[in-house]
Structure formats: structure tokens, C-alpha cells
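Undergrad: Got a structure for you, written out below as C-alpha cells; questions coming shortly.
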Amino acid sequence: VNLYPSHACREFNYIFPLLQTNCGYRRDNIPQLQDVSDFLKSCTGFTLRPVAGLLSSRDFLNGLAFRVFHSTQYIRHCSQPLYTPEPDVCHEILGHVPLFCDPDFAQLSQEIGLASLGATDEFTEKLATCYWFTVEFGLCRQDGEVKAFGAGLLSSFGELQYCLSDQPNKLPFEPEKTGLTKYPITEYQPTYFVAESFEDAKRKMLEFSRSSGRPFAVRYNAFTQTIEHVENKTQLISLINSMQAQLSIVEDALKKM
């Protein structure tokens, strides 16, 4: 926690105190997932769903499309407090939850999930690799410095220091190249990818998703919490009408400024 002010991105440092106030984040307490999930839902609509272990890439990404994050409940062994090759509750609530409370980051995560729906196994693995190098082990530029935003970094005291040192390689985040990069899962990463911002990473992931070859488009309906196909004229008109309603709100707000 002492490294967060100097090593973590500004969004993380803004949200973390709110979790301490609202969710029982303390040195002597492990927050209840339901309390954390309720707070998370009030921020961005994401919820936590407990699981017993790792899921397949397709199943995990599918959850993100619905703004559901599958969270483990066990804790790392005391013999390895600085690093765990498998996600545990420290990884989930310290690494993932804070930034899932940020709207831009939540949207980036959901876009990766939406891109996986109906995609081939090959393309899904590319998306999972992009997820690994962003949501799990991502770096970003802020105010001329490189900061950590990946959950695997923010939940690992050792790797959080290592990732911002001169030891690993740091490359620009480009989904076409990042998605083909091999990575280890039992040791610190030899290479990290640096995004210019969450918004820039989201834009690049949207562009990359168009190369999936999927014969239809999808959108998430936040009102019904369902995924809708957009593959005919009627559905497209419905989407346009929804967008026009949102734009009218923007137009009204601009007039009143």
C-alpha cells in the first residue's frame, strides 16, 4: 500500500481511499465480496461473482461483456506473500476492484469481453493476451511518467517495484502485436506494454475487435443487462434512436453551460 502513491495510476489512488471508507479495506480485515460488489455496482455497474478457480479464457471474457467479474475467494500461501501465480482474494480486491470502479477502465474491460462474443478460438486467445497485458499487467503514461494499472502489479509488492525499474522491456500497447506476445505465468513479466491512457487503449481495442471476422455487431443494454445483436435494419434503427436520445441530453446540457 505504501507504494501506491508513487507507483500506481492516479485513478487507482483516487478510488482506493473510497474502498477503505466504504468497504472495510483495512490491514486487519478481509472485505466481504458482497460488500465490495455492491459498492462496485454503484460506481460502474460491474459486479463480482465468486468462483472456485480459474476459468477458460472464453468463459472469463464472456463475463466481462456483461459487466461481471469472476472473483476467487482463497488467499495466497503465507510462504509467498509477495507473489502468487494464481489469482487470490488479495489480487482481486487490491488489484482489480479499485479500477473496475473507474468508468473508463470498466468500459475498456467490457469492450474486451464484448469483442470475444462470437469470436473464433484463435481471436479469443488474442483478446485474452491483450487482457493479460492491460487489465492484469498494464502500464500507462501519466504526466510524463509511467504508472502501473494492471491488477497483477498492484497486488504484488515485488512486481510493482520491478515493473517500473529499468529491468523489463516496455513497449507501446498495440493490440495487433500485443495479442501475439507469449508470456510466463509463474514469474515476473519480461515485457510490459504501455498505454497512453485508458481511453486510448479502449479505442485501439475497438479497432482491433473489428478484425475478428464476426458477421454481426453486439451492444450491451444496460437497462436489461443483456447483449443485443445488431445484424438487421430494424435493430440498427433501434440503436440509432437510442443514440439520438443520448445525444439530445448532451445537446441540452451544452445549451445550459
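The values are calculated or read from the model by the stated rules, or taken from the named source; none is laboratory data. No experiment lies behind these values; they were computed from the predicted model shown. FYI the Cβ positions are ideal-geometry reconstructions off the backbone, even for glycines, and counts take in every protein chain you see. To get the accessible areas, we keep the full protein, side chains included, count just its heavy atoms, and leave off ligands, DNA and RNA. Shrake-Rupley method; radii C 1.70, N 1.55, O 1.52, S 1.80 Å.
Undergrad: Kindly indicate whether any position in the range 37-60 is open to solvent by less than 20 Å² (accessible area, probe 1.4 Å), part of a helix (DSSP H, G or I) and under 16 Å from L154 (Cβ atoms).
TA: Yes, the range 37-60 contains a residue that is open to solvent by less than 20 Å² (accessible area, probe 1.4 Å), part of a helix (DSSP H, G or I) and under 16 Å from L154 (Cβ atoms).
Undergrad: Scan the range 119-134 for residues that are closer than 25 Å to E11 by Cα, surrounded by 21 or more Cβ atoms within 10 Å (Cβ to Cβ) and more than 9 Å from the chain's Cα centre (by Cα) and jot them down.
TA: Selection gives L127, C130, W132, F133.
Undergrad: All but one of (1) touching a helix residue (DSSP H, G or I) at 6+ places or on another chain (Cβ under 9 Å); (2) part of a helix (DSSP H, G or I) hold for C140; which doesn't?
TA: Condition (2) is where C140 drops out.
Undergrad: Please give the number of the condition E159 fails out of (1) within 19 Å of Y4 (Cα to Cα); (2) open to solvent by 80 Å² or more (accessible area, probe 1.4 Å); (3) in contact with a helix residue (DSSP H, G or I) (Cβ under 8 Å, 6 or more places away or on another chain); (4) not aliphatic (A, V, I, L, M).
TA: Failing condition for E159: (2).
Undergrad: Taking E228 as meeting all but one of (1) within 30 Å of V1 (Cα to Cα); (2) in a strand (DSSP E or B); (3) without any contact (Cβ under 8 Å) to a residue 40 or more places away in the chain, write down the number of the exception.
TA: Of the numbered conditions (1) within 30 Å of V1 (Cα to Cα); (2) in a strand (DSSP E or B); (3) without any contact (Cβ under 8 Å) to a residue 40 or more places away in the chain, the odd one out for E228 is (1).
Undergrad: Answer with yes or no whether P87 is part of a helix (DSSP H, G or I), in contact (Cβ under 8 Å) with a residue 24 or more places away in the chain and within 20 Å of G152 (Cβ to Cβ).
TA: It is false that P87 is part of a helix (DSSP H, G or I), in contact (Cβ under 8 Å) with a residue 24 or more places away in the chain and within 20 Å of G152 (Cβ to Cβ).
Undergrad: Could you say which residue among E199, E187 is of a type in the set (D, E), assigned to a loop (DSSP other than H, G, I, E, B) and more than 17 Å from A128 (Cα to Cα)?
TA: Details: E199 fails: assigned to a loop (DSSP other than H, G, I, E, B).
When all the criteria are applied, what remains is E187.
Undergrad: Could I ask something else about it? Go through the range 98-118 and report how many residues are under 18 Å from N62 (Cα atoms) and open to solvent by less than 10 Å² (accessible area, probe 1.4 Å).
TA: Here the count works out to 10.
Undergrad: Tally time: how many residues in the range 202-222 are under 19 Å from the mean Cα position of the chain (by Cα), surrounded by 13 or more Cβ atoms within 10 Å (Cβ to Cβ) and part of a helix (DSSP H, G or I)?
TA: Going through the range 202-222 one residue at a time, the tally reaches 7.
Undergrad: Every residue in the range 188-201 that is under 13 Å from the mean Cα position of the chain (by Cα) and among the aromatic types (F, W, Y), please.
TA: F198
Undergrad: E176 - would you say it is among the charged types (D, E, K, R), under 24 Å from E122 (Cβ atoms) and open to solvent by 70 Å² or more (accessible area, probe 1.4 Å)? Write out each step before concluding.
TA: Details: among the charged types (D, E, K, R): yes; under 24 Å from E122 (Cβ atoms): yes; open to solvent by 70 Å² or more (accessible area, probe 1.4 Å): yes.
Here the answer is yes, as E176 does meet what is asked.
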